[in-house]
Amino acid sequence: MRKVGAIGVLILLGFIFNAVSVFTDSWLVWSYAKIQVTRGIVPYSSSEPTWLAAASWMMFISFGLFFPVILIYLHASHKVYHHGCCHSIRHNFNGISLLCSLIVILQAVAFILMAANASDYYGSLGYSAYFALVSGILTTIAMSLSGHVSRHDCH
């Protein structure tokens, strides 16, 4: 079933972009004279502004939520490829859709927090924030496709 394979590819790409965004150090960028300084969300610092701490935790949680999504997807895809898409695995695709929606909400709020406060405290957003945005878009598509498979293909 090609839709199930597409869900897997989207989840994998979303996870990769999320991992890159969390573990690279270019969330916030500002310049002093001709020197460009960047700041990431790792390592976590308790002395950072509260909006940055909240955004950091949201991104850490979204990264962690990808692991159950991947495990549920592996179980569901194994069942689909060996037994077909039957009614009994609908809950797997609904679970993927639910977890993906939680990931997207966390990433979107973290991105909005960063975008709204970056210019006040630092300079601008770096490439890590945009990787998180791409991850959110890919995860939204995976969420929608997973819900579609659950509703229309698993009878």
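Throughout, read-outs are computed from the coordinates displayed, never taken from laboratory work. For clarity, every value in this text was computed on a predicted model and none was experimentally measured. Note that we place each Cβ from the backbone using ideal geometry, even for glycine, and neighbour counts take in every protein chain shown.
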Computed from the mean reciprocal separation of all distinct C-alpha pairs, what Kirkwood hydrodynamic radius does the chain have, in Å?
-> 16.3
Using alpha-carbon coordinates, inclination of helix 2-23 to the longest axis of the chain, degrees | 20
Sorted from fewest to most neighbouring beta carbons within 10 Å, what does the list THR50, THR140 look like?
-> THR50, THR140
Helix 50-83 sits at what angle to the longest principal axis of the chain, using alpha carbons and giving 0 to 90 degrees rounded to 10?
-> 20
Rounded to the nearest 500 deg cm²/dmol, what is the calculated helix-only ellipticity per residue at 222 nm for the chain, with -39500 (n - 2.57) per DSSP H run of length n ≥ 4?
-> -25500 deg cm²/dmol
Taking the Cβ of ASN117 as the center, what net charge do the other residues with Cβ under 15 Å away carry, scoring Lys and Arg +1 and Asp and Glu -1?
-> -1
Local electrostatic count at GLY126 - Lys and Arg +1, Asp and Glu -1, tallied over other residues with Cβ under 15 Å | 0
What is the packing order of peptides 76-87, 109-120, 32-43, taking the mean over residues of other C-beta atoms within 10 Å and listing the highest first?
-> 109-120, 76-87, 32-43
Sorted from fewest to most neighbouring beta carbons within 10 Å, what does the list SER21, SER45 look like?
-> SER45, SER21
By the scheme Lys and Arg +1, Asp and Glu -1, what is the net charge of all other residues having a beta-carbon under 11 Å from that of ASP153?
-> +4
